[in-house]
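Report on the structure given below.
The values are calculated or read from the model by the stated rules, or taken from the named source; none is laboratory data. The structure presented is a predicted model; accordingly, all values stated were derived computationally and were not measured. Don't worry about glycine lacking a Cβ; one is built from the backbone with ideal geometry, like all the others, and counts go over all protein chains shown.
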Amino acid sequence: MGQLEEVACDACGSKQVQMVVIRADDLRVVECASCGLAFINPRPKKEHLSKFYGESYFVGSDDAKDTGIGYNSYATFAIPWLKLRKSWELEKIQQLMPLKGSRLLEIGCATGELLALAHSRGALTMGVEISEYAAQVAKERYGLEVRVGDLEHLDIPAESFDIILALEVIEHVLSPRAFLKEIALFLAPGGLVVLSTPNYACGRQLKEEWLGFRTSFEHLYFFTPEVLVHMAGSEGLDLLYWATAGSGKAAPLQTRKKMKAWLQKIPGGVVLGQMVKLFKDLTAKDPWVKFGQGHRLLAFFKSRGQGNDLVFDNP
Ligand SMILES: [Zn+2]
């Protein structure tokens, strides 16, 4: 237990928590009794967390499959498919602000697919990525500018970006409050922030059955839309719009085990499984529901101050 540490609520500092669930990795998810932010407590110490994000996190390994951490073959198989993907996030951004000529930062850009798509539409892009391996892939494959490290250690002047994207990142960081503060600092007045994260409102309903508690054990925080909006608001980021997608219901363990065993028996089975999943994603109709109860939460914020007056005409 020397590898774990107790933490207070990152949003409000309270130590009064309610038990939510014990994840399959034996860590406890608790909810702040005061503000509703849910988090892992006690949690692995910082030095143990950084080990999650090596090469195996992105290319998959037997370890990754078995521990529920990381993306199976994210870089290896997903590329040609993801690159072709029409990005709903970018479509929405373009309703608010032209990508062409906008200074766009993606935090946690992984192997760079979305950033490359934004770049191809004329955005002046920069990526930040904690994994040296993933950043290298993004640089070599797409010629992108990607900095390796944490946001707080970047030597970038304040107000450097018109658009900041952090998709599926905030649930990983040690302090979401500090993370939002950094984002607000780097954003130009009137700039746009796009965040996505698993929707804990969905998790509250599904409890142990929620995908968010069954996989991705590197996640430290779980946000309802209300908590995320409140925390962002405290740092000067005002909500424009949020939407959710997906059911978030994990397939029963037996079904997943059977599926895995079946895929392992046929040559190239794992690749086939990946392709089926990606094909489903690509052919799905726009699954986003404004203010829905779905699993994936996507939220758009604007920074206060003079600048573009961002309003969705038809969200
Ligand atoms: Zn709290």
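Within segment 27-44, residues that are more than 17 Å from VAL229 (Cβ to Cβ) and small (Gly, Ala, Ser) have Cβ atoms under 8 Å from residues that are in a strand (DSSP E or B) and at pLDDT 95 or above in these pairs: ALA33/VAL17; ALA33/GLN18, counting only partners at least 6 apart in sequence or on another chain. Number of residues in segment 178-206 that are buried (at least 19 other Cβ atoms within 10 Å of the Cβ) and in contact (Cβ under 8 Å) with a residue 60 or more places away in the chain equals 18. Checking each residue in segment 1-24 for being small (Gly, Ala, Ser) and without any contact (Cβ under 8 Å) to a residue 60 or more places away in the chain picks out GLY2, ALA8, GLY13, SER14.
Here is a check on your reading of the model: is ARG214 farther than 14 Å from ILE107 by Cβ, at pLDDT 95 or above, surrounded by fewer than 22 Cβ atoms within 10 Å (Cβ to Cβ) and within 18 Å of the chain's Cα centre (by Cα)? No; evaluated as a whole, the condition is false for this residue. As for segment 135-148, it holds no residue that is buried (at least 24 other Cβ atoms within 10 Å of the Cβ) and under 15 Å from the mean Cα position of the chain (by Cα).
Any residue that is at positive phi, of a type in the set (D, E, K, R) and in a loop (DSSP other than H, G, I, E, B) - is there at least one of those in segment 99-108?
No, segment 99-108 contains no residue that is at positive phi, of a type in the set (D, E, K, R) and in a loop (DSSP other than H, G, I, E, B).
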